[in-house]
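The numbers here are math on the coordinates, done by the rules we state, and not lab data. This structure is a prediction, so every number in the text was calculated from the model and none was measured. Positions of Cβ are backbone-derived with ideal geometry, glycine not excepted, and every protein chain shown enters the neighbour counts.
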Ligand SMILES: NC(=O)c1ccc[n+]([C@@H]2O[C@H](COP(=O)([O-])OP(=O)(O)OC[C@H]3O[C@@H](n4cnc5c(N)ncnc54)[C@H](OP(=O)(O)O)[C@@H]3O)[C@@H](O)[C@H]2O)c1
């Protein structure tokens, strides 16, 4: 039953994470919202509490900081909060030539997109498996399916999330624990401005509405799917690139990033 689940959503202060939190709350779940921006998290918590009457807890965490992930896990433990569902959504991108990217920005991106996803799943999965319910909804990207020149580390980080998710789907299946990987394409959120991709051909070609993306991810998670690619254009794009020669794919993505 969804209604008595406790759900941890990372990156709940905006975009896809905020919409996913609304989906779980509408289903009657209790929420733990985390990100760095307190006013946004408090506003969402107030909205969800008013709508559903369920408990909503806000925990501030900077997942790029050296102790950010362990501090979040320690707070969960201190407050006796053991999530049934983990939504690994926090993440960001950075467009630019790899060698010109500041090392600190690269490290922060990999800490949030890769390390936090791995560490939170590793820490929270054992209790889910013991209870034989719940699961993980990881947010990767259509970027996960191919290399991304001029956004190299971001694409690689999402390939990691997709690979990890599909492996965990298989490992956890027998225990009744769902692991779903949501792979959105360009979506209208704060992501584009943050990643400096607003002017890229990929984003100028069109962006999906954030609500449609979150609803697709939520429905896929609830029906136990391993992989969700929202929107027919994204599905078609992924399939087309999968069967195209790699050299062509590298050129095409390079063009789309410009
Ligand atoms: N929008 C797209 O086109 C698109 C496409 C494919 C995949 N995605 C993926 O979707 C996920 C959500 O992104 P979005 O599109 O919803 O963008 P967004 O509106 O910018 O949201 C990103 C979320 O991540 C959180 N976050 C970023 N850095 C963090 C840090 N150091 N510590 C903790 N939280 C952090 C942000 O919270 P604070 O700033 O408050 O910390 C925010 O809540 C990301 O993983 C992204 O890679 C997005």
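Key figures for this structure:
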item	result
Taking 177, 58, 9 and counting other C-beta atoms within 10 Å, the order from fewest to most	58, 177, 9
Residue 244/residue 55 FRET efficiency (R0 45 Å; Cβ-Cβ; nearest 0.05)	0.40
Exposure proxy ranking, count of Cβ atoms within 10 Å, fewest first, for 225, 255	255, 225
Relative contact order (%) - segment 91-197, alpha-carbon pairs under 8 angstrom, separation at least six	36
Over segment 7-113, volume per residue of the alpha carbon convex hull, in Å³	93
The chain: most fluctuating residue of 222, 79, 129 per GNM, C-alpha cutoff 10 Å	79
Sorted by Cβ neighbour density within 10 Å, fewest at the top, the residues 14, 157	14, 157
Normalised alpha carbon radius of gyration of segment 165-206 [divisor 2.2 N^0.38 Å]	1.76
Projected label distance in nm at residue 82 and residue 196, using a 7 Å step from Cα toward the beta-carbon	4.5
In degrees, nearest ten, helix 152-172 long axis to first principal axis of the chain (Cα)	50
Segment 106-258: radius of gyration and largest Cα-Cα distance (Dmax), Å	15.8, 47
log10 of Debye I(q)/I(0), alpha-carbon scatterers only, for the chain at 0.12, 0.14, 0.16 Å⁻¹	-0.67, -0.92, -1.20
Sum of -39500 (n - 2.57) over DSSP H runs of 4+, divided by residues of the chain (222 nm, nearest 500)	-15500 deg cm²/dmol
Size-normalised alpha-carbon gyration radius of segment 92-136, reference 2.2 N^0.38 Å	1.65
Mean shadow area of segment 176-241, taken as a quarter of the surface of its Cα convex hull (nm²)	5.0
Relative contact order for segment 6-257, counting Cα pairs under 8 Å that sit 6 or more residues apart, in percent	19
